[in-house]
Amino acid sequence: MIQSISHDEAQALLAIEALGALTGADRDALLAHVEVCAVCSAQLVQLRDTAAALAESLPAVPLNPDRSAAMRSRLLARAASDLTGRRGDDGGRLPNEPPVKAPTSPVKPLSGEPVRAIGRSPASRGGWLAAAAAVLLAAGILSVLRSTRRDAAVARNELTAVRAQQLRAATEVALRDSLIEQLTGATVRIVDLTGSGPNAPMGWVFWDQNEKWTLLVHDLPALAADRTYQLWLTTGGQRTLSAGTFGTDHRGHAVFRATLSLPRDSLVSASVTLEPAGGAARPSGPIALASK
Amino acid sequence: MSASDEQALGVLYDRWAPLVHSLVLHLLEDAGEAEDVVEETFWQAWRQVSRYDPSRGAVSTWLVTIARSRALDRARSRRRMKEEPLTQLRESDAASVSRVSSASDPHQDAEAADRRAAVLKALCALPAEQREALQLAYFSGLSQTEIADRTGQPLGTVKTRTRLALEKMRVQLTMLREETA
Ligand SMILES: [Zn+2]
């Protein structure tokens, strides 16, 4: 029987739990409350991150490079044999995933290109897409991007692997979906978008170099009811095409997918503008996000 | 199965092993044991990746939590836990950390130094007794009761100090990171 505690009692225990110092019935009671209280749950996440940041206050002591390399090889070799021989003894099973296929559909000509599908809001895409976005936005990807943006090659390699791992960690469903291919495939091109304003909104366009587009945005300002965000893609011929309109959740996050054929390597820039509801024929409103 | 799964483990290792190592070495004060715990930590992360829930914190939090818990278990079983809190922090520590370098990737080095400076600055901003409560809990793995015994303070005082300390840290770090973002 787990003892029930009030919100105020829980508040007093959150920091102690985040520091790993809560035990016994107090801990059981707190965790039971956190399960049903969104406020405490969100605070506990932040306090755990804060507690873990204490580790960063310590002087950095490098591992011996040779022994570290040996340890890394050992871990990867064990992981590889674990994948082939895994019996799932502790819930650590990795989901099986189909092999990633290269895009096979032919590149369609640019002339007369129809916008064949317009993206939807995260909610209507189903929970897994929102979950995948939450991973990308919450699980260190922002700091990875910020810290490695200066080196596109490094960012690319690191992100591909980290994204794959974190998507895998987030949801097994995502693995079976084409999303993972669309974000991590070998030909995927990533365009960084940045915006001004107090929230410093950010976004990324992932293009499979064929017809699949995925946009992730973070910290966009809330929309008025009669306004929408619209994604624009500019090609080498300086044509600017609409990839569709989208809204955000209450935190300004959105995942938006569209299908729009462009010839490989034809993308010059991308932007997001604020437009009247329903979208505009060409960019007319203020720029919310733009590539460099 | 492609090689990308192990490769992803390698990426996590490259990115976070320096931090994990610095922490467990501090907790264990034994180079060999620290290396063992680093390896165990990444192995456990690999085995339990499907349990990782991003809504419950960052990847680094997850890895650091695994590492700390394993290191403290070892330290407890050896009964030679560190008794004293961290050496006194000074403002000059925060200023000097940009010279500290561990990882081979210079961008990662710079980021780690920035983050360390921010955390030290936030720690230095706490009243000494709050900082001590925080450090005894986190780095020595002491329960609130043990900290009360150790410091001769009432349990309620210890709990209040610990709570205030971590909440102030959270606010400070958020502000510092927004400044530098
Ligand atoms: Zn609550």
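For labels at A:R264 and A:V36 in the simple 7 Å Cα→Cβ model, what's the distance in nm?
5.7
Any idea what % of Cα-Cα pairs in the stretch B:126-181 are farther than 14 Å? Before the final figure, lay out the partial values.
Working: 813 of 1540 pairs.
Counting every Cα pair in the stretch B:126-181, those more than 14 Å apart make up 53 percent.
How would you rank B:166-175, A:38-47, B:149-158, highest first, on the average number of other Cβ atoms within 10 Å across their residues?
Values: B:166-175: 18.8, A:38-47: 17.1, B:149-158: 14.5.
The densest-packed peptide leads the list: B:166-175, A:38-47, B:149-158.
Using only the Cα atoms of the stretch A:189-291, each taken as one equal point scatterer with no solvent, compute I(q) by the Debye sum, divide by I(0), and report log10 of the ratio at q = 0.19, 0.23 Å⁻¹.
With one equal scatterer per Cα and no solvent, log10 I(q)/I(0) is -0.87, -1.28.
At what distance in nm do the modelled label points of A:S284 and B:V171 sit from each other, each positioned 7 Å from its Cα along Cα→Cβ?
4.7
Stretch A:A200-A:D26 to full length: gain in nm at 0.36 nm per residue minus the Cα-Cα span?
Numbers: separation 174, 0.36 × 174 = 62.64 nm, distance 4.00 nm.
The A:A200-A:D26 span can extend by a further 58.6 nm.
Laboratory data are not the source of any read-out in this text; all were calculated from the coordinates shown. Since this is a predicted model, take the numbers as computed values, not measurements. Using ideal geometry, Cβ is built from the backbone for each residue, glycine included, and neighbour counts are taken over all protein chains shown.
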